[in-house]
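Here is the structure we will look at.
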Amino acid sequence: MAGAAYARAALALALALAVATAAATVKAQQTEWLRGHATFYGGADASGTMGGACGYGNLYSQGYGTRTAALSTPLFNGGASCGQCYKIACDRKRADPRFCKPGVTVIVTATNFCPPNSALPDGGWCNQQRPHFDLAQPAFEKIGVYTGGIIPVMYKRVPCVKRGGVRFTINGHDYFNLVLVTNVAGAGSIKSMDVKSSNSNSWIPMARNWGANWHSLAYLTGQMLSFRVTDTDGQTIEFTKVVPQGWKFGQTFASKLQFK
C-alpha cells in the first residue's frame with residue numbers, strides 16, 4: 001500500500017512539473033521579441049477596419065479604438081488569436097531609416113484576418129507562412145512613415161489591459177445561441193467556453209463558430225445563463241448568472257469579473 005501511495009505521489013509531482021514547464025515555455029515565447037512585417041489599412045481614422053473576422057463589429061464602441069491589427073494566417077490561427085495584444089516596434093536594423101520611427105512602440109489588439117493574396121504566386125505578405133500585421137493606419141503611423149507602405153518589425157505578445165469586466169453579446173435564434181465575448185484582459189483570447197442555464201446543473205460545452213463568437217445548439221432562450229470561460233493562458237473564470245432571465249437576442253451583458 002505504501003509503495004502504491006508513493007507511486008501515485010511521484011506521478012502527481014511529475015505531472016505538476018510538466019504543467020509548470022509548459023507554462024514557463026509559453027511565457028518565455030510570449031516575452032521573446034520576434035521578427036515580422038507590417039502594412040496598414042482602414043484610412044486615417046481607421047473607419048475601414050470596422051467589422052472584421054473576429055466579429056467585434058464597431059471597434060470604437062467596443063473599446064478597441066484605432067490600435068488594432070489584422071493578422072496573417074500563422075498568427076490568426078483560425079480565429080484563436082482574436083483579442084490578443086501585441087507590442088510592435090519598427091526594426092531599425094532591417095528598415096529603411098526614411099520610413100522607420102525608432103524608439104517607439106505601439107500595442108494593438110488582434111481584431112481581423114489578413115488573408116493570402118491568391119493573385120500572387122507566394123500569397124503576398126499575408127501568406128500561409130509569414131508573420132505579418134496589417135495595422136490600422138493610426139497604429140502603423142506610430143512606428144512607421146506612411147509613404148513607406150511596409151516596414152520590418154519586431155513584435156511580442158503582451159497582456160491586454162481593459163476597463164471593466166468581460167462582456168457577452170448574445171445573437172442567433174432558438175437552438176442556436178451565438179455568443180460574442182469582448183473586452184477580455186490578460187491573454188485577450190479564449191481557449192474554451194461552456195454555458196449553464198438556470199434550468200440545469202450541467203455545463204454545456206460551446207464551440208468556436210468564428211472569430212470571438214462561440215455557439216451552443218441547446219434551447220436556452222430567456223433562461224438565466226452562466227458562462228465558464230478559459231483563456232488561452234489557462235485561466236478559468238465562472239461568470240455566474242451573468243445573463244438574467246428574460247434576455248433577448250442582440251443584448252449585451254457586462255460582467256464584473258476580468259482575467260489577469
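The values are calculated or read from the model by the stated rules, or taken from the named source; none is laboratory data. These numbers were taken from a predicted model, which means no experiment stands behind them. Every residue, glycine among them, receives a Cβ derived from its backbone with ideal geometry; neighbour counts consider all protein chains shown. Please note that ligands, DNA and RNA were not included when accessible areas were found on the heavy atoms of the full protein model with its side chains. Shrake-Rupley method; radii C 1.70, N 1.55, O 1.52, S 1.80 Å.
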(message) When you scan segment 159-169, do you find a residue that is part of a strand (DSSP E or B) and surrounded by fewer than 18 Cβ atoms within 10 Å (Cβ to Cβ), even just one?
(response) no
(message) Given the options VAL184, VAL195, name the one that is crowded, with 18+ Cβ neighbours inside 10 Å and part of a loop (DSSP other than H, G, I, E, B).
(response) VAL184
(message) With the requirement that a residue be in a loop (DSSP other than H, G, I, E, B) and of a type in the set (Lys, Arg), what does segment 83-92 give you?
(response) ARG92
(message) Looking only at residues that are open to solvent by 30 Å² or more (accessible area, probe 1.4 Å) and in a loop (DSSP other than H, G, I, E, B) in segment 58-82, which one is nearest to VAL106 (Cα to Cα)?
(response) ARG67
(request) Mind listing whichever residues of segment 138-158 are in contact with an Asp or Glu (Cβ under 8 Å, 6 or more places away or on another chain) and surrounded by fewer than 24 Cβ atoms within 10 Å (Cβ to Cβ)? (result) PRO138, GLY148, PRO152, MET154, LYS156
(request) Look at ASN177 and say whether it is in contact with a His (Cβ under 8 Å, 6 or more places away or on another chain), at negative phi, in contact (Cβ under 8 Å) with a residue 24 or more places away in the chain and assigned to a strand (DSSP E or B). (result) yes
(message) Please determine whether any residue of segment 121-136 is of a type in the set (Gly, Ala, Ser), open to solvent by 40 Å² or more (accessible area, probe 1.4 Å) and without any contact (Cβ under 8 Å) to a residue 40 or more places away in the chain.
(response) no
(message) Quick check on ALA110: is it buried (at least 23 other Cβ atoms within 10 Å of the Cβ), assigned by the TED database to the domain that holds ILE88 and within 18 Å of ALA212 (Cβ to Cβ)?
(response) yes
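So that you can scan it fast, the table gives a plain yes or no per residue for (1) surrounded by fewer than 18 Cβ atoms within 10 Å (Cβ to Cβ); (2) among the basic types (Lys, Arg):
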position	(1), (2)
TRP214	no, no
THR221	yes, no
LEU225	no, no
VAL229	no, no
ASP233	no, no
THR236	yes, no
VAL243	no, no
GLY246	yes, no
LYS260	yes, yes
(message) Looking for something surrounded by 13 or more Cβ atoms within 10 Å (Cβ to Cβ), touching a Phe, Trp or Tyr at 6+ places or on another chain (Cβ under 8 Å) and not in a helix (DSSP H, G or I) - is there at least one such residue anywhere in segment 93-100?
(response) no
